[in-house]
Each structure stands twice: as structure tokens, then as C-alpha cells.
Amino acid sequence: MDFIGTILWPIRWAIELIIVGWHYLFTFIGLDPNVGITWVLSIVGLVVVVRAALIPLFVKQIKSQRRMMEISPKLKKIQDKYKGKKDQFSREAMSRETMAMYKENGTSPFSSCMPILVQMPIFFGLFSVLRNASDDKAGVGLLTQNLAHSFANAEILGAPLNATFMDALNNGPWQVMVIAATLVILMTASQFYTQLQITSKNVSDETKESPMYKQQRILLYIIPFMFVFSGVAFPLGLNFYWFTSNVWAMVQQFIIIRQMPTPGSEAYRLRQQRLERKGKLEVTDEGTETSGQGPRSNQRQQPMNSKRAKKKNPGSTGPNS
Amino acid sequence: MSAVASNALLIPRNIAVGLLVIYRFLISPLYGDVCRYYPSCSRYSLEAMQSHGFLRGVWLTARRLIRCHPWSAGGIDDVPERASSDLRVTKHGFVVAHPHRKAQ
């Protein structure tokens, strides 16, 4: 076994376990074991397991975002210090000071690249599981010869799950191309929606001023190209995985932005207004330090600082995604 | 050591620098800003390669990547400085031998 194969072995084993497990479940409740939809649903099940396992990371992320508002005056101070200085050294000094300040206060808006890196081996693992199955070979674990054969020959709307757009371009069927193209369009649309939601609504005014934020926006325009590449080069099954993962991210982000937005952001102000309309507004002072928000929401609680407010209202938020 | 020989010794690290520059240009922006440390992991790796060479660079990078996870404290984490060096870094990040500048 080659080097990458050795690394992927446990991942492939786990992926096969999850997919076969879901496949067994769907067959048990009466779906035909050999049709495409059963296997697509099994892939969806895989996404659910993987993304659910990542939820604690997101909750942690949200919590540290909420703490960002406590330090936003300090952040603003640093930004004012470097206001109008666009040269490289000032930018670097500013990033440096900002990071030092995050550490001092025990919080950071960044989650490290681990959540992304964790998903990559899963993606490659699934790729090799699908590739293997499409050669009609048994997998490394629970994917037996029979199941692999069934997986390889499963079709959804006349398109085999192991076919790629490139294969179909040469020798059909055309359905593969239609489905792949549809998935690419849907993925791009959902990604755009998610990113726009995050960057335009769920970002505090201070963050909007930072150079990091502006760089983040570039993402929006690069990602669609990755989807096109994936849609053309990778088998349909893999694109179903990516598509489902995207939809999950979109829904998760929607819930987060609506229910626990970043204090000081547009979404936060909208939520305050919604709560006020319903007469349920409890904690209004969280956004006061971040300045420049909605006109009427906060005067009453001005004198109370955020620490006291927190004491008054312990655990007012909880993970609900 | 002649300049040619020292430049030949610098080849491994310069290959690494080239790969890192490409990574930072093409792939890094896809992630956006996610690093909990300053400088970011790829920048750290680049600097480690430039000042400590390929082998130690790989070692330092691996340790940094392990350090950088969602539960780490983050903050400023620079590459350990090297006592003296007669190397020069070009504007594209590559390292060349530059023994005559040493006196300055």
C-alpha cells in the first residue's frame, strides 16, 4: 500500500462504516438497496455525521465571537492609532498589535485552519471509496463486493454516481452533465448566499474596517471556480457530498445569524429590533460600546457595563444549531 | 566557501520557498484569514525556511502547525531568530548567498 493509501485507510474505513450503516438503515425502512437515491441519501447521512461532529467547533467559534464585543473598544483604539497609514510596516504592526491584544484577552475571531483541514481527508477518503467502488472492487472495511457493485451501478435519474462530467462528455449519458452542472450552480449560489450573509450582516463595524475583512471578501469570487473544477472533474457522488455539506453550512449560518448574531453587527441590530417589536428585549446594552448602531435601542441601559449585564443575564444564549 | 557552492546549498530551501510563495498566492486566500497566530502559519513557514534552511524549516513548520488549533491561545509567535547570517533575501523571497555584505 502506498503512503497516501496508508494515511487514508482509517478514514476510508470510517467512511465505509458510516455509508454502509446509513445504507442498511434506508434499506431497512424499505428503500430499494440498488437505486441511486438510496446511495445519495447514504452520502447525505455521511455529511450529517461529519458536520454534526464539527458543531462543537462552531459553538466555540460563536462564543469567542461574542467575547469580541467586550474587547471592541481596544480594537477600535488600535485601528484609530493606525488610521490612514497604508504602508506595509504600519499594516504589519497593526496586525501584530491586534493579535497580541486578542491573546491578552483570551479570545480570537479566528479558529485556525483545523476545521477546514479536518474535512479534506474526508473528501479524499470519499473520493477513493467511490473510485474503488466504481472499479467494482470491495472496500477496505464494511463495503463488501456486493455493496461496492451496487454503489458503482447505482443511478440517479439515469446518471451513474461514479461518473464524472468529463466521462460523460465523451460517452454519455447526458444526464450526468446536467446533474453536475445543476449541482455546481446550486453550490455556487448557496456559497454566495452564505458568504454574503456572513460578510455583510454578521460582522461588527470594527471588523469591517480591518484589512483582514477586505481580504476575506476576495473568497467570494474564487470559490465558484473551485466548484466548477469539482463539478467537472469529480464523480457525481462526491459532488452530492459537497453540495449537501454546503446546504448544511448555509442553514447553520442562517440559524446562527438569526439567533446569535455577532454583537455590533447588522444582524445583531436587526435581531434587537425584532425582539423589541415582540416586547421581548432583555439585554440591550451589549452593543453600546460598538457605537454607530440603531438609533433607539440602547439609551436606557447606558450606565450598565457589560460585566454587570452578564451577571444579570447568565447563559442567555445557548447553542441551538 | 565560494558563492556558487553556498548558493547550491541553498537550493532545497529555495525550492521550499518557491512552493510556499505559490501556496500563499493561490491557496491561502481560499481559506481567508483563519490563523490564530501572527504571523500566519504559511508566513511562519516561509520565514523559517529562509532563515533556518530546509530541514529545520520543516521541523519548525510542523511544530507550528501542531500548535495552531482552535483551543490554542494564539497571539504573536515569531520564528526564532538566527544569530548571524550572510544570506540575503530577494524581493521574491528567495535566499541567496551574500558574503561581502557581512562587514556592513
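Could you check A:Ile122 against (1) part of a helix (DSSP H, G or I); (2) at the interface with another protein chain (Cβ under 10 Å from one of its Cβ atoms); (3) crowded, with 16+ Cβ neighbours inside 10 Å and say which number it fails?
Against the list (1) part of a helix (DSSP H, G or I); (2) at the interface with another protein chain (Cβ under 10 Å from one of its Cβ atoms); (3) crowded, with 16+ Cβ neighbours inside 10 Å, A:Ile122 comes up short only on (2).
Could you list all residues from segment A:43-96 that are among the small types (Gly, Ala, Ser) and within 14 Å of chain B (Cβ to nearest Cβ)?
A:Ala53, A:Ser64, A:Ala93, A:Ser95
Could you pull out the residue among A:Val44, A:Val40, A:Val50 that is under 27 Å from B:Gly74 (Cβ atoms), open to solvent by less than 60 Å² (accessible area, probe 1.4 Å) and either touching a helix residue (DSSP H, G or I) at 6+ places or on another chain (Cβ under 8 Å) or at pLDDT 80 or above (or both)?
So the residue among A:Val44, A:Val40, A:Val50 that is under 27 Å from B:Gly74 (Cβ atoms), open to solvent by less than 60 Å² (accessible area, probe 1.4 Å) and either touching a helix residue (DSSP H, G or I) at 6+ places or on another chain (Cβ under 8 Å) or at pLDDT 80 or above (or both) is A:Val50.
Is it true that A:Ser190 is over 28 Å from the mean Cα position of the chain (by Cα) and not charged (D, E, K, R)?
Answer is no for this residue.
Looking only at segment A:117-176, filter to residues that are hydroxyl-bearing (Ser, Thr, Tyr) and within 26 Å of the chain's Cα centre (by Cα); which one of those is farthest from A:Gly21 (Cα to Cα)?
Only one residue tops the list, namely A:Thr164.
Based on this model, can you work out whether A:Ser95 counts as at pLDDT 80 or above and out of contact with any Ser or Thr (no Cβ under 6 Å at 6 or more places or on another chain)?
yes
Checking A:Met101 against (1) within 14 Å of chain B (Cβ to nearest Cβ); (2) open to solvent by less than 30 Å² (accessible area, probe 1.4 Å); (3) under 30 Å from A:Leu147 (Cβ atoms), only one condition comes out false. Which one?
Only one criterion in (1) within 14 Å of chain B (Cβ to nearest Cβ); (2) open to solvent by less than 30 Å² (accessible area, probe 1.4 Å); (3) under 30 Å from A:Leu147 (Cβ atoms) is unmet by A:Met101, namely (3).
Which of the residues belonging to segment B:2-16 are within 13 Å of the chain's Cα centre (by Cα) and not hydrophobic (A, V, I, L, M, F, W, C)?
Passing the criteria: B:Pro12, B:Arg13, B:Asn14.
Scan A:Gly158, A:Gly125 and give me the residue that is free of Cβ contacts under 8 Å to residues at least 60 places away in the same chain and not polar (S, T, N, Q).
So the residue among A:Gly158, A:Gly125 that is free of Cβ contacts under 8 Å to residues at least 60 places away in the same chain and not polar (S, T, N, Q) is A:Gly158.
When you scan segment A:132-157, how many residues do you find that are modelled with pLDDT of 75 or more and exposed (fewer than 15 other Cβ atoms within 10 Å of the Cβ)?
5
Could you say which residue among A:Leu117, A:Leu143, A:Leu130 is of a type in the set (A, V, I, L, M, F, W, C) and assigned to a loop (DSSP other than H, G, I, E, B)?
Just a single option satisfies the conditions, and that option is A:Leu143.
Could you look through segment B:26-75, keep only residues that are open to solvent by less than 20 Å² (accessible area, probe 1.4 Å), more than 9 Å from every other protein chain (Cβ to nearest Cβ) and not hydroxyl-bearing (Ser, Thr, Tyr), and pick out the one that is farthest from A:Tyr102 (Cα to Cα)?
Looking at residues that are open to solvent by less than 20 Å² (accessible area, probe 1.4 Å), more than 9 Å from every other protein chain (Cβ to nearest Cβ) and not hydroxyl-bearing (Ser, Thr, Tyr), I get B:Gly53.
For segment A:61-89, give me each residue that is open to solvent by 30 Å² or more (accessible area, probe 1.4 Å) and among the hydrophobic types (A, V, I, L, M, F, W, C).
A:Phe89
Residue check: is A:Gln299 out of contact with any strand residue (DSSP E or B) (no Cβ under 9 Å at 6 or more places or on another chain) and at pLDDT 70 or above?
no
The values are calculated or read from the model by the stated rules, or taken from the named source; none is laboratory data. None of the values given here were measured: they were computed from a predicted structure. Reconstructed Cβ throughout: ideal geometry from the backbone, glycine too, with neighbour counts over all protein chains shown. Note: areas computed on protein heavy atoms with side chains; ligands, DNA, RNA excluded. Shrake-Rupley method; radii C 1.70, N 1.55, O 1.52, S 1.80 Å.
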